[in-house]
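Notes to accompany the following structure.
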Amino acid sequence: QKEVEQDPGPLSVPEGAIVSLNCTYSNSAFQYFMWYRQYSRKGPELLMYTYSSGNKEDGRFTAQVDKSSKYISLFIRDSQPSDSATYLCAMGQGGSEKLVFGKGTKLTVNP
Amino acid sequence: DVKVTQSSRYLVKRTGEKVFLECVQDMDHENMFWYRQDPGLGLRLIYFSYDVKMKEKGDIPEGYSVSREKKERFSLILESASTNQTSMYLCASSFSAGNQPQHFGDGTRLSIL
């Protein structure tokens with residue numbers, strides 16, 4: 001079983017849709033969780049950072065962590081064509097500086 | 001804002017050449033990382049450094065070495081470039097306070113002919 005699983009997509013939605021992106025993980029020691037957005041030919045950009053279970057909201061983006069199910073989600077409300085990108089989940093455990101990344105989900109928002 | 005700068009966006013080299021990729025960060029981060037990113041394989045850690053002159057192997061260190069002589073600069077070296085090292089190379093940095101996110105540069109797309 002891979003440490004982090006992320007559906008690669010591609011995912012195509014109309015403008016204004018609510019998007020749900022997900023990752024599952026197997027290592028119960030993971031304590032902090034991130035979502036990165038990567039535009040074509042650019043590096044990953046930190047979008048959301050959460051530590052512990054629960055929800056965190058930032059504008060149109062909501063990150064959700066369910067440690068009991070080992071499942072994290074990123075919701076995008078009122079999606080825009082500018083949200084078209086690859087979204088990477090990442091997670092880490094206390095005492096380690098390294099992160100484990102999902103392989104990314106490619107999202108296209110159609111105008 | 002954190003700035004991680006990679007010296008080249010695109011680079012073309014020949015097999016057998018020694019290749020240097022440079023990365024500079026301006027946030028006084030202790031940790032610096034080199035990844036390669038390939039379609040279907042995601043991000044794979046090559047090496048990371050947690051302090052000047054300190055380094056640790058990642059998941060795929062073979063064929064690579066690194067150098068960190070100054071805190072802000074981390075270099076990746078391909079000792080003798082091969083075609084299977086054609087890839088997107090990403091540098092990242094983070095604080096070492098624990099549980100810190102990594103910040104990435106825009107990558108170097110390296111082609112080995």
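The values are calculated or read from the model by the stated rules, or taken from the named source; none is laboratory data. On a predicted model such as this, the values are computed, not experimentally measured, just so you know. As a convention, Cβ positions derive from the backbone with ideal geometry for all residues, glycine included, and neighbour counts pool all protein chains shown. When the accessible area is computed, the model is the full protein with side chains, heavy atoms only, and any ligands, DNA or RNA have been set aside. Shrake-Rupley method; radii C 1.70, N 1.55, O 1.52, S 1.80 Å.
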Check your understanding: Any idea which of B:THR83, B:THR108 is polar (S, T, N, Q) and more than 23 Å from A:TYR87 (Cα to Cα)?
Key -> B:THR83
Practice item. Could you list, in sequence order, all residues of region B:53-62 that are of a type in the set (A, V, I, L, M, F, W, C) and either modelled with pLDDT of 95 or more or surrounded by 14 or more Cβ atoms within 10 Å (Cβ to Cβ) (or both)? Key: B:ILE60
Review point. Of B:SER49, B:SER7, B:SER65, which residue is modelled with pLDDT under 95 and open to solvent by less than 90 Å² (accessible area, probe 1.4 Å)?
Key: B:SER7
Point to revise | Scope region B:10-41; condition surrounded by fewer than 19 Cβ atoms within 10 Å (Cβ to Cβ) and within 11 Å of chain A (Cβ to nearest Cβ); matching residues | key: B:TYR10, B:GLU30, B:ASP38, B:PRO39, B:GLY40, B:LEU41
Check your understanding: Restricting region A:95-111 to residues that are of a type outside the set (Val, Ile, Thr), over 11 Å from the mean Cα position of the chain (by Cα) and open to solvent by less than 40 Å² (accessible area, probe 1.4 Å), which is nearest to the other protein chains (Cβ to nearest Cβ)?
Key -> A:LEU99
Review point. Here are some conditions: (1) more than 10 Å from chain A (Cβ to nearest Cβ); (2) open to solvent by 10 Å² or more (accessible area, probe 1.4 Å). B:GLY98 meets all but one. Which one does it not meet?
Key: (1)
**Study point:** Hits in region A:14-36 (condition: surrounded by fewer than 21 Cβ atoms within 10 Å (Cβ to Cβ) and in contact with a strand residue (DSSP E or B) (Cβ under 6 Å, 6 or more places away or on another chain))
**Key:** A:PRO14, A:GLU15, A:VAL19, A:SER20, A:ASN22, A:THR24, A:ALA29, A:GLN31, A:TYR32
Review point. Inside region A:10-55, counting only strands (runs of 3 or more DSSP E) that do not spill past its ends, which hold 3 or more residues that are of a type outside the set (A, V, I, L, M, F, W, C) and more than 10 Å from every other protein chain (Cβ to nearest Cβ)?
Key: A:19-25
Practice item. Counting only residues that are free of Cβ contacts under 8 Å to residues at least 60 places away in the same chain and over 13 Å from the mean Cα position of the chain (by Cα), give me the strands (runs of 3 or more DSSP E) lying completely in region B:5-113 with at least 3 of them. Key: B:42-51
Point to revise | Options A:LEU46, A:LEU74: the member that is open to solvent by 50 Å² or more (accessible area, probe 1.4 Å), among the aliphatic types (A, V, I, L, M) and either modelled with pLDDT of 90 or more or more than 18 Å from B:HIS103 (Cβ to Cβ) (or both) | key: A:LEU46
